[in-house]
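Before any comments, here is the structure.
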Amino acid sequence: MNIMLFGAPGAGKGTQAKFLIEKYGIPQISTGDILRAAIKEGTPMGMEAKKYMDEGKLVPDSTIIGIIKDRLSQEDCKKGFILDGFPRTLAQAEALEALMQEMGIKLDKVISLNVPDELIVGRVTGRKVCPVCGASFHVEFNPPKVEGKCDYCGADLITRKDDNAETVTKRLAEYHSQTAPLFDFYKSRNLLVDIDGTKEVKAITEEIFSILD
Ligand code: AP5
Ligand code: ZN
């Protein structure tokens, strides 16, 4: 099963991806997580991407498309995958389509999590993430079982550098100008399922499961 999670920054893509991994046993491909790992390792690509990410801007398409080509060719993607945070521009969506055609695979569903901008800022500024496995929590809406510790791997949770009100506003602007048009792109291909992302985490997970099962 090849799935894409679509939505604004902070819409809950990463949170839902974790439940899909557990249920379907397919890997999550988060371009944001891959970029943050490259920054941590101090690679030239990571250092270049950091400038854009700290500013709340999108990283150039050529870098992102290169990352996805590498990642989709890996063995664990053969059984399926969950795209999270990719594609984010029309050029990326077209490159993905061409790549998947070349590989002889198709997207099964694009799950769009719909959350209004007013709710996004509170979600993102209260977020705590796991630097090891990438899991997301929220101090109020989705707290970890043990305060400050990841439910999945036990690591100490941290706040992402770009999770401040100023950068979130810029990320939302990038989303509306560059990413939101992809909603129609996938709707026209009959792949899109629009979900109310303001419900509780569990209710959304159940809705996604019922769509995919
Ligand atoms: P990325 O890491 O992808 O960040 P993002 O899209 O901004 O998405 P988030 O990770 O912020 O949100 P999410 O939807 O996963 O929300 P989450 O589940 O954590 O990208 C970071 C940067 O990298 C970009 O700005 C860009 O520079 C670059 N980049 C990455 N990919 C790129 C690409 N393809 N092209 C170009 N540049 C790229 O949830 C958010 C919070 O809400 C959490 O605290 C969570 O606990 C809480 N929450 C989740 N669900 C609910 C719920 N139902 N109710 C209440 N709270 C909830
Ligand atoms: Zn973890």
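Out of all the residues in the range 151-165, which are more than 18 Å from Ala17 (Cβ to Cβ) and either of a type in the set (Ser, Thr, Tyr) or surrounded by 16 or more Cβ atoms within 10 Å (Cβ to Cβ) (or both)? Lay out the reasoning, then the answer.
Step one: of the range 151-165, the residues more than 18 Å from Ala17 (Cβ to Cβ) are 154, 156, 158-159, 161-162, 164-165.
Answer for the range 151-165, where residues must be more than 18 Å from Ala17 (Cβ to Cβ) and either of a type in the set (Ser, Thr, Tyr) or surrounded by 16 or more Cβ atoms within 10 Å (Cβ to Cβ) (or both): Thr159, Asp162.
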Exercise. Of everything in the range 134-150 that's touching a helix residue (DSSP H, G or I) at 6+ places or on another chain (Cβ under 9 Å) and crowded, with 16+ Cβ neighbours inside 10 Å, which residue is modelled with the lowest pLDDT?
Worked result: Gly134
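In the list Gly80, Gly85, Gly154, which residue meets the criterion of being within 16 Å of ligand 2 (Cβ to nearest atom) and either at positive phi or of a type in the set (Phe, Trp, Tyr) (or both)?
Gly154 is the lone residue from the list that is within 16 Å of ligand 2 (Cβ to nearest atom) and either at positive phi or of a type in the set (Phe, Trp, Tyr) (or both).
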For this session: Please list, ordered by first then second residue, the pairs with beta carbon atoms under 8 Å, 6 or more apart or interchain, first in the range 53-72 and farther than 15 Å from Leu172 by Cα, second of a type in the set (Asp, Glu) and assigned to a helix (DSSP H, G or I).
Result: Thr63/Glu48
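Please work out if Pro116 is crowded, with 21+ Cβ neighbours inside 10 Å, in contact (Cβ under 8 Å) with a residue 12 or more places away in the chain and within 18 Å of Gly14 (Cα to Cα). Can you show your working first?
Numbers: crowded, with 21+ Cβ neighbours inside 10 Å: no; in contact (Cβ under 8 Å) with a residue 12 or more places away in the chain: yes; within 18 Å of Gly14 (Cα to Cα): yes.
No, not satisfied.
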Exercise. If you take the residues in the range 74-113 that are aliphatic (A, V, I, L, M), closer than 19 Å to His176 by Cβ and touching a residue at least 40 places away in the same chain (Cβ under 8 Å), which one is surrounded by the fewest Cβ atoms within 10 Å (Cβ to Cβ)?
Worked result: Leu90
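Can you pull out the residues in the range 31-46 that are in a helix (DSSP H, G or I), over 17 Å from the mean Cα position of the chain (by Cα), surrounded by 12 or more Cβ atoms within 10 Å (Cβ to Cβ) and not small (Gly, Ala, Ser)? Don't jump to the end; show me each part of the working.
Within the range 31-46, the subset in a helix (DSSP H, G or I) is 31-41, 44-46.
Narrowing further to those that are over 17 Å from the mean Cα position of the chain (by Cα): 39-41, 44-46.
With the extra rule that they be surrounded by 12 or more Cβ atoms within 10 Å (Cβ to Cβ), the set shrinks to 39, 45-46.
Of everything in the range 31-46, those that are in a helix (DSSP H, G or I), over 17 Å from the mean Cα position of the chain (by Cα), surrounded by 12 or more Cβ atoms within 10 Å (Cβ to Cβ) and not small (Gly, Ala, Ser) turn out to be Ile39, Met45.
The values are calculated or read from the model by the stated rules, or taken from the named source; none is laboratory data. Since this is a predicted model, take the numbers as computed values, not measurements. Heads up, the Cβs are rebuilt from the backbone with ideal geometry, glycines too, and the neighbour counts pull from every protein chain shown.
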